[in-house]
Amino acid sequence: MAEIEEGDIILKLDDVTKVYSGIVAVKHANLALRRGAVNVLVGENGAGKSTLMRMIAGVEKPSLGRILLEGKEVEFNSPADAQKHGIGMVFQELNLFGNLSVAENIFATREIVRGVRGIDHKAQVERANHYLDKLDAGISAETMVEDLPIGQQQLVEIAKAISLDTRILILDEPTSALSAAEVDILFKVIGELKAQGVAIVYISHRLEELMRIGDYITVLRDGQITGQAMVKDIDTKWIVRSMIGSDAKDFAKSVDHKLGGEAFRAEDISLPRKTGGLAVDHVSISVRAGEVLGIYGLMGAGRSEFFECVMGQHPHSTGRIFVGAKEIIERDTPARIKRGLALIPEDRQREGLVQVLSIAANLTLASLQKLTRFGFHISGQREQAAIREAINDLSIKAPNPEFDVTSMSGGNQQKVVIGKALMTNPKVLLMDEPSRGIDVGAKADVFRTMRRLAGEGLAILFSTSDLEEVMALSDRIAVMSNGKITKVIDRAEATEEMIVKAASEGHKSTREFA
Amino acid sequence: MTTVTTTQNAQAGDGGSMLLTLMKLRTFIALFAVIAFFSIFAPNFLSTANIILMSKHVALNAFLAMGMTFVIITGGIDLSVGSIVGLCGMVAGGLILHGIDLQIGYTVYFNIVEVAIITLLVGVAIGAVNGLLITKLNVAPFIATLGTLYVARGFALLSSDGQTFPNLVGNPDLGTTGFAFLGSGRIFGLPVSVWILVVVALAAAYIAKYTPIGRQIFAVGGNERAARMSGIKVDRVKMFVYMFSGFCAAIVGIVISSELMASHPATGNSFELNAIAAAVLGGTSMSGGRGTIGGTIIGAFVIGILSDGLVMMGVSSFWQMVIKGIVIIVAVVVDQAQRRLQQRVALMQLAKKD
């Protein structure tokens, strides 16, 4: 590997560590950002890229380590603090006020005022239009932000960051909602900023974009920096290798068992997006009893939305769903649960658990009717027995099932959500990112449980954005991108490069049409 | 060094749990405090006659507060209960006095049991309207029930042109006598309304603890999205709580008319505020998910005894309002402190384990 040129370093992270309650998000990272260059950051979801950038932008403070700006140690207490030092960031989640106009958004907190006469709206609109024109956005600065499609909202966010006249500009997945033409314009603007000496940090999952625009590249895995190089010296294979690493995680070995007949089929599932286009784009897939189907895709690929359609959470979705040989006509969640579908939601806190209830009450929440006598009296005996069984089956570490569910670790909370779903006796289990936010030991438990359930004849669909996971756990792999399934392949034939490539294919095809 | 820190931690933990137990029992402590205070300072406070009188006052608020508790646990609010009390009182009074005119020369009169059932159904129906507004038309509970508050009160006033239905003794020929039993009758020395309270309270406590709908009420209030994802019919649960609240309000309407042997359309004005106060005092969390029927009953007793006791001591009614307000605020402050302490103690226990 060639030496990395020193370049003109503006900001340096020196041995920085960030710890959240119990989770180490970034471990002893050293990172240098160069002036007049595009510094690319890449890694899987949860690798710590965003955390790293949030520390530079003043949103988070490092638990350990120093931030050096032009050689001097600095401390940012708030994003405003960082902005004062010339650091601007476009966040992955848009931070715009939908109820205000584009100009008001761009100049929020630093309005152009004319003394006591208040805000100079005309000047703001003029200045805002200037930045928008630079981006060829085709948006009037007087439009309400909520009336814009998501891609244009992203452009507004970028215009806002440019208007700050920053020395360091951080772009966290800026192209996730942009069309190919808009991406080209963005890259042109990035080129201009680069020429002005701005240090740009660019985070993206789309490898071909990184290769096109990057100067320096840093790869993160599990909170650690695993590779740093000049982009001109490397290829996508190198990136994938550094992203995945070689040390195998503790995956359950697949038990050989015969697959049964078709247990689940989805035909032509579509879901319109609020801002236009399809969040789920004519997805059809079939799973056999005892089969584990891994759905790989990046954030926003439509995996969660697909699962929610299957569970009947979206009244506007179209398409047909079969469990066994029978079509499910009912459109509401309770009926679909009764017909043998169950979902482990991605967001455990918001959609999986009722925090104020005990471990026991959470476990039985979805299957209370089964535990009643005379149809209305919850039988204490039956409930206790069911709870004991679930706790043993899933090896949930619960000292007392009557404790609040929030008193347990994330991994055990996840097991409770799984236990709740299993108590409804499903035939098809949908698991949305089942390993998200849980520790290694609990992950291994969850994976073992998945294999065991498959062995017992359950059809399992799980989504993940962890390549290693999808390769190790699935019998078959489906790749989703931009709402479409772009590839379905047996595990034996799949390679990591194939999957990574398919994961951005959905965007390419729109490029051809565009 | 290590030993010192561990013992310190242990002490802090024990002190914390002691304080926590005290805080959890705060409604009981408040109840005993008001009883002790007034038995010393208010003459005749502990006389049988006074206790029975107070229990009748408390019962009225307790009914409303129970219905309110379920509603608040789902994360909603029911402002219309006071008006339902008024309207249901008028319905019961009107049925006894005038019956239903069929417009073809006949008038149907009902016996007291039928009158009570019809009145209860009216209460449940208004609750159902609240529920439909909130679930099907997506109106915020505060606004929906504020609307029915006005509508129900308006109908109560319209029903008699603002007049009172007096003298509800009924007519023996029409079989409409016996209404007084509910308000002033006694069974084993206790007022009938108190017996009804015992039955309804036991039923409500049973629903909360041993039935699927009860568990679902807590789940909906704790995390509506997760409840939906778990296949709970959230709309049905909400319908139930508002209908139950309407049912409780209808009971109060009947009991008050029976006690006075007259129905006045302005009856029940601002009762909803007392009901909310009792529920909150009993540990019901306004953000949903927490609360007990037992706590609410005790809360109703604290408020009822406080106001009756202050009257007996001759405290001005203006000061009574000030005192009631302070008690409610203190109760919620302590509630918040308890929640924080509980989290601290739980964290400390976790840390000790590791």
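Looking at the structure I just gave you, is residue B:296 of a type in the set (Val, Ile, Thr), in contact with a helix residue (DSSP H, G or I) (Cβ under 8 Å, 6 or more places away or on another chain) and not in a helix (DSSP H, G or I)? Before the answer, list the steps.
Values: of a type in the set (Val, Ile, Thr): yes; in contact with a helix residue (DSSP H, G or I) (Cβ under 8 Å, 6 or more places away or on another chain): yes; not in a helix (DSSP H, G or I): no.
No: the conditions fail for residue B:296.
Can you pull out every residue in region B:218-248 that is away from chain A (no Cβ under 11 Å) and not hydroxyl-bearing (Ser, Thr, Tyr)? Break it down stepwise before answering.
Initial filter on region B:218-248 (away from chain A (no Cβ under 11 Å)): B:237-248.
Listed by number, the residues that qualify are B:237, B:238, B:239, B:240, B:241, B:243, B:244, B:246, B:247, B:248.
Are any residues in region A:422-476 β-branched (Val, Ile, Thr) and at pLDDT below 85, and if so, which ones? Give the steps one after another, and end with the answer.
Let us first name the residues in region A:422-476 that are β-branched (Val, Ile, Thr), namely A:424, A:428, A:438, A:440, A:446, A:449, A:460, A:464, A:470.
Residues satisfying the conditions are A:438, A:440.
Determine which member of the set B:62, B:42, B:49, B:36 is crowded, with 20+ Cβ neighbours inside 10 Å, in the same structural domain as residue B:141 (by TED's automatic domain parsing) and small (Gly, Ala, Ser). Working first, answer last.
Working: B:42 fails: crowded, with 20+ Cβ neighbours inside 10 Å; B:49 fails: crowded, with 20+ Cβ neighbours inside 10 Å; B:36 fails: crowded, with 20+ Cβ neighbours inside 10 Å.
B:62 is the lone residue from the list that is crowded, with 20+ Cβ neighbours inside 10 Å, in the same structural domain as residue B:141 (by TED's automatic domain parsing) and small (Gly, Ala, Ser).
Please find, among B:78, B:14, the residue that is on the phi < 0 side of the Ramachandran plot, loosely packed, with under 12 Cβ neighbours inside 10 Å and either in the same structural domain as residue B:135 (by TED's automatic domain parsing) or modelled with pLDDT under 90 (or both). Walk me through how you get there before you give the answer.
Numbers: B:78 fails: loosely packed, with under 12 Cβ neighbours inside 10 Å.
None of the other options fit; the residue is B:14.
Collect the residues in region A:271-291 that are over 19 Å from residue A:332 (Cα atoms), surrounded by 19 or more Cβ atoms within 10 Å (Cβ to Cβ) and within 21 Å of the chain's Cα centre (by Cα), keeping them in residue-number order.
If the condition is that a residue be over 19 Å from residue A:332 (Cα atoms), surrounded by 19 or more Cβ atoms within 10 Å (Cβ to Cβ) and within 21 Å of the chain's Cα centre (by Cα), then A:279, A:281, A:283 are the ones that fit.
Assess whether residue A:420 counts as being basic (Lys, Arg), assigned to a helix (DSSP H, G or I) and either within 12 Å of another protein chain (Cβ to nearest Cβ) or in contact with a strand residue (DSSP E or B) (Cβ under 7 Å, 6 or more places away or on another chain) (or both).
Details: basic (Lys, Arg): yes; assigned to a helix (DSSP H, G or I): yes; either within 12 Å of another protein chain (Cβ to nearest Cβ) or in contact with a strand residue (DSSP E or B) (Cβ under 7 Å, 6 or more places away or on another chain) (or both): yes.
Here the answer is yes, as residue A:420 does meet what is asked.
Which of the following residues is of a type in the set (S, T, N, Q), part of a helix (DSSP H, G or I) and touching a Cys at 6+ places or on another chain (Cβ under 9 Å): B:245, B:257?
Details: B:245 fails: touching a Cys at 6+ places or on another chain (Cβ under 9 Å).
Going through B:245, B:257 in turn, the sole match is B:257.
Taking the criterion of being in contact (Cβ under 8 Å) with a residue 12 or more places away in the chain and in contact with a Pro (Cβ under 6 Å, 6 or more places away or on another chain), would at least one residue in region A:408-429 satisfy it?
To start, the set of residues in region A:408-429 that are in contact (Cβ under 8 Å) with a residue 12 or more places away in the chain comprises A:408-429.
From the residues that got through so far, the ones that are in contact with a Pro (Cβ under 6 Å, 6 or more places away or on another chain) too are none.
Looking for residues that are in contact (Cβ under 8 Å) with a residue 12 or more places away in the chain and in contact with a Pro (Cβ under 6 Å, 6 or more places away or on another chain), one finds none in region A:408-429, hence no.
Going through region B:181-217 one residue at a time, which ones are buried (at least 18 other Cβ atoms within 10 Å of the Cβ), within 14 Å of chain A (Cβ to nearest Cβ) and β-branched (Val, Ile, Thr)?
B:207, B:213, B:217
Would you pick out the residues in region B:285-301 that are among the polar types (S, T, N, Q) and either more than 16 Å from residue B:208 (Cα to Cα) or crowded, with 21+ Cβ neighbours inside 10 Å (or both)? Walk me through it before giving the result.
First, the residues of region B:285-301 that are among the polar types (S, T, N, Q): B:285, B:287, B:292, B:296.
Across region B:285-301, the qualifying residues are B:287, B:296.
Please verify whether region A:37-50 includes one or more residues that are of a type in the set (D, E, K, R), free of Cβ contacts under 8 Å to residues at least 60 places away in the same chain and not in a strand (DSSP E or B).
Looking only at region A:37-50, we keep the residues that are of a type in the set (D, E, K, R), and these are A:44, A:49.
Still in the running and free of Cβ contacts under 8 Å to residues at least 60 places away in the same chain: none.
Scanning region A:37-50 turns up no residue that is of a type in the set (D, E, K, R), free of Cβ contacts under 8 Å to residues at least 60 places away in the same chain and not in a strand (DSSP E or B).
So which strands (runs of 3 or more DSSP E) stay within region A:51-167 end to end and still have 2 or more residues that are crowded, with 19+ Cβ neighbours inside 10 Å?
Here the list reads A:64-69, A:87-90.
Which residue is surrounded by the most Cβ atoms within 10 Å (Cβ to Cβ), if the candidates are limited to region B:260-276 and must be of a type in the set (A, V, I, L, M) and assigned to a helix (DSSP H, G or I)?
If we filter region B:260-276 for residues that are of a type in the set (A, V, I, L, M), which is where we start, we get B:260-262, B:266, B:273, B:275-276.
Filter once more, so that each one left must be assigned to a helix (DSSP H, G or I): B:260, B:273, B:275-276.
Values: B:260: 18, B:273: 14, B:275: 35, B:276: 23.
Step by step, filter region B:260-276, then rank; the result is B:275.
If I filter region A:222-240 down to residues being in a helix (DSSP H, G or I) and of a type in the set (A, V, I, L, M, F, W, C), which single residue comes out as modelled with the highest pLDDT? Even if it seems obvious, please write down each step before you answer.
Narrowing region A:222-240 to residues in a helix (DSSP H, G or I): A:231-233, A:236-240.
The next check asks that each one be of a type in the set (A, V, I, L, M, F, W, C); those that pass are A:231, A:238-240.
Numbers: A:231: 86, A:238: 83, A:239: 82, A:240: 77.
Step by step, filter region A:222-240, then rank; the result is A:231.
Is it the case that some residue within region A:88-100 is over 19 Å from residue A:14 (Cβ atoms), out of contact with any helix residue (DSSP H, G or I) (no Cβ under 7 Å at 6 or more places or on another chain) and aromatic (Phe, Trp, Tyr)?
yes
Within region A:413-422, is even one residue surrounded by fewer than 20 Cβ atoms within 10 Å (Cβ to Cβ) and out of contact with any Asp or Glu (no Cβ under 8 Å at 6 or more places or on another chain)?
Looking only at region A:413-422, we keep the residues that are surrounded by fewer than 20 Cβ atoms within 10 Å (Cβ to Cβ), and these are none.
The answer is no, given that none of the residues of region A:413-422 is surrounded by fewer than 20 Cβ atoms within 10 Å (Cβ to Cβ) and out of contact with any Asp or Glu (no Cβ under 8 Å at 6 or more places or on another chain).
How do the pairs read when you match residues in region A:322-349 that are over 22 Å from residue A:418 (Cβ atoms) with residues anywhere that are of a type in the set (Gly, Ala, Ser), using Cβ under 7 Å and keeping only pairs 6 or more apart or on different chains?
A:324/A:263; A:331/A:312; A:332/A:312
Please verify whether residue B:136 is surrounded by fewer than 20 Cβ atoms within 10 Å (Cβ to Cβ), within 13 Å of chain A (Cβ to nearest Cβ) and of a type in the set (D, E, K, R), treating the condition exactly as stated. Before you say what the answer is, go through the steps one by one.
Numbers: surrounded by fewer than 20 Cβ atoms within 10 Å (Cβ to Cβ): yes; within 13 Å of chain A (Cβ to nearest Cβ): no; of a type in the set (D, E, K, R): yes.
No: the conditions fail for residue B:136.
Hey, residue A:379 hits all of (1) under 19 Å from residue A:426 (Cα atoms); (2) among the small types (Gly, Ala, Ser); (3) within 14 Å of chain B (Cβ to nearest Cβ) but one; which does it fall short on?
Failed condition: (1).
Limited to region A:362-372, what total is found for residues that are surrounded by fewer than 20 Cβ atoms within 10 Å (Cβ to Cβ) and either more than 10 Å from chain B (Cβ to nearest Cβ) or in contact with a strand residue (DSSP E or B) (Cβ under 9 Å, 6 or more places away or on another chain) (or both)? Give the derivation first.
Keep residues of region A:362-372 that are surrounded by fewer than 20 Cβ atoms within 10 Å (Cβ to Cβ), which gives A:369-370, A:372.
Okay, now just the ones that are also either more than 10 Å from chain B (Cβ to nearest Cβ) or in contact with a strand residue (DSSP E or B) (Cβ under 9 Å, 6 or more places away or on another chain) (or both), so A:372.
So the answer is 1.
Select from region A:316-361 the residues that are at the interface with chain B (Cβ under 7 Å from one of its Cβ atoms) and surrounded by fewer than 20 Cβ atoms within 10 Å (Cβ to Cβ) and write down the one among them that is nearest to residue A:305 (Cα to Cα). Talk me through it step by step, then tell me what you get.
Our first condition is that a residue be at the interface with chain B (Cβ under 7 Å from one of its Cβ atoms); within region A:316-361, this holds for A:333-334, A:337, A:343, A:345, A:350-357, A:361.
Narrowing further to those that are surrounded by fewer than 20 Cβ atoms within 10 Å (Cβ to Cβ): A:334, A:350, A:355.
Working: A:334: 18, A:350: 15, A:355: 24 Å.
So the residue we want is A:350.
Here is a check on your reading of the model: is residue A:458 surrounded by 21 or more Cβ atoms within 10 Å (Cβ to Cβ) and more than 14 Å from chain B (Cβ to nearest Cβ)? Talk me through it step by step, then tell me what you get.
On the way: surrounded by 21 or more Cβ atoms within 10 Å (Cβ to Cβ): yes; more than 14 Å from chain B (Cβ to nearest Cβ): yes.
Taking the combined requirement at face value, the residue satisfies it.
Give all pairs with beta carbons closer than 7 Å in which a residue from region A:381-401 that is free of Cβ contacts under 8 Å to residues at least 60 places away in the same chain meets a residue that is among the polar types (S, T, N, Q) and outside any loop (DSSP other than H, G, I, E, B); count only pairs at least 6 apart in sequence or on separate chains.
Hits for this filter: A:383/A:364; A:386/A:364; A:387/A:364; A:394/A:449; A:396/A:412; A:397/A:412; A:398/A:412; A:401/A:358.
Please enumerate the residues belonging to region A:292-315 that are surrounded by fewer than 20 Cβ atoms within 10 Å (Cβ to Cβ) and within 14 Å of another protein chain (Cβ to nearest Cβ).
To start, the set of residues in region A:292-315 that are surrounded by fewer than 20 Cβ atoms within 10 Å (Cβ to Cβ) comprises A:299-300, A:314-315.
Across region A:292-315, the qualifying residues are A:314, A:315.
Listed residues A:434, A:401; which is in a loop (DSSP other than H, G, I, E, B) and buried (at least 22 other Cβ atoms within 10 Å of the Cβ)?
Values: A:401 fails: buried (at least 22 other Cβ atoms within 10 Å of the Cβ).
Of the residues listed, the single one that is in a loop (DSSP other than H, G, I, E, B) and buried (at least 22 other Cβ atoms within 10 Å of the Cβ) is A:434.
Checking the structure you have, find out if any residue of region B:68-82 is closer than 19 Å to residue B:147 by Cβ and in contact with a Cys (Cβ under 9 Å, 6 or more places away or on another chain).
Checked against the condition, which is being closer than 19 Å to residue B:147 by Cβ and in contact with a Cys (Cβ under 9 Å, 6 or more places away or on another chain), region B:68-82 yields at least one hit.
The values are calculated or read from the model by the stated rules, or taken from the named source; none is laboratory data. Small disclaimer: the values here were computed from a predicted structure and weren't measured. Please note: Cβ atoms are built from the backbone with ideal geometry, for glycine as well, and neighbour counts cover all protein chains shown.
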